[in-house]
Structures are given as structure tokens and as C-alpha cells.
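Following: one structure in C-alpha cells, then a few remarks.
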Amino acid sequence: MAHLNPPKKQQGIVLILALIMVVAVTGIAVTLMNSSSIDAKITAAVQEREVAENEVMGTVLKVIANQAAAGRNSAFFKKPEQIPEAGFDLGAIGDSTNKMINLNNGELDLPCPRKYNFTSGVSCNMVEVNTTITYGKKSIHTLTVKTGVAQEMASLNTGG
């Protein structure tokens, strides 16, 4: 034991390298956690959008079914001059607003969209049903679906 060497001056390079590695690993971990947080927010937003789309499509079908069930009192049978330029309110269903807009802007009745069994003397009352819903946190997003409705009717004013 008499031949022990006194300790040499240590340089501390291992300590510095270890601290650099700890800082690098910490940076990578923080980046990965931030990335997973953003992915979770994106996934939640996509899910909210899908739910809103399904809800608004169901509402569109309810609006059309309600008007079909109204029979001759349906708003779809209104004459173009009975529909205000800003649109005709079809009432709210749930959180949605529903408005009908006239697409018949001329003097003559519009021909019906093309189909296999065309009948002369039949024209169409063309309207557009706009259904709007708000969704998301604090209801800051808006989704609107526009649906065209062609109501067949007998007419001598087709210009044909």
C-alpha cells in the first residue's frame, strides 16, 4: 500500500458530456410530448366535425320529411313570389337553422332536372334548403348544407 499514487487533476469532460446528453434527451422528450398533444387536438376536432356533419344531414332529412308530411301546406308549394328574397324560415330543429331560398328567378317556370321518363307540360318549382349548425368548443365553427329540391308541377308557362 505504500505505492499509492496521489489523485491526478480531473478534467470533468465526462460530466460535461453527460449534461449535454441529458439536455438532448430532454429536448427530444418535450418535442414528442408536444407533438402527441397536437395530434390529440386534431383528432378531437375531426371527431367533432364528423358528429356535426352527421347531425346536419339528419336535420336536412327531417326538414324535407316535415315538409313532405305537411302535404298541400308544404312550403315547397309556395309560389316564387311568396318566398322573400332573403329566404323563407322553415323553423329550427335542435340547434340548426333552416331556410328555403327560391331558385326560380325568371318569368318562365323551370324545366325539371333530367330524368328518364320526361313528361311535357311538367315544370319544377326549384328551391334550395339551407341547414346551418354550429359546433365545437364555444360553438365557433359553422357547418352549412345546401340541398336542392325540385317539386314537379303542371304548367303551361314553360316557354317551350
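The values are calculated or read from the model by the stated rules, or taken from the named source; none is laboratory data. All of these numbers come straight from a predicted model, not from anything done at the bench. Glycine also receives a Cβ, built like all others from the backbone with ideal geometry; neighbour counts cover every protein chain displayed. For the accessible areas, the whole protein counts, side chains as well, though only heavy atoms, and no ligand, DNA or RNA atoms are used. Shrake-Rupley method; radii C 1.70, N 1.55, O 1.52, S 1.80 Å.
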Item checked: Accessible-area value, THR142, 1.4 Å probe, nucleic acids and ligands omitted, Å² -> 90
Margin query: Once you place label points 7 Å from the Cα toward the Cβ at ALA44 and THR132, how far apart are they in nm?
Written below: 2.7
Notebook entry, point to check: Taking θ as phi - 60°, what are the ³J(HN,Hα) couplings along the range 24-34 by the Karplus curve (6.51, -1.76, 1.60), each to the nearest whole Hz, with x for Gly and Pro?
Noted result: 5, 5, 4, x, 5, 4, 5, 4, 5, 5, 5
Item checked: Whole-Hz couplings from phi, Karplus 6.51/-1.76/1.60, listed for the range 36-53; x for Gly and Pro -> 5, 5, 5, 4, 5, 5, 5, 4, 5, 5, 5, 5, 4, 5, 4, 4, 5, 4
Item checked: Amide N of the range 14-57 lying under 12 Å from the label point, which is placed 7 angstrom from the Cα of THR147 along Cα→Cβ -> 55-57
Next item on the list: Would you please give the residues with an amide H less than 5 Å from that of SER96, counting only those at least 5 places away or on a separate chain, with H modeled from the backbone geometry?
Entry: none
Check: Roughly speaking, what is the stretch gain from ALA65 to LYS78, that is 0.36 nm per residue apart minus the C-alpha to C-alpha distance, in nm to one decimal?
Finding: 3.0 nm
Item checked: Loop-resident sites, the range 20-103, for trypsin sites (Lys or Arg not before Pro), counting at most 16 other Cβ within 10 Å (DSSP) -> LYS78
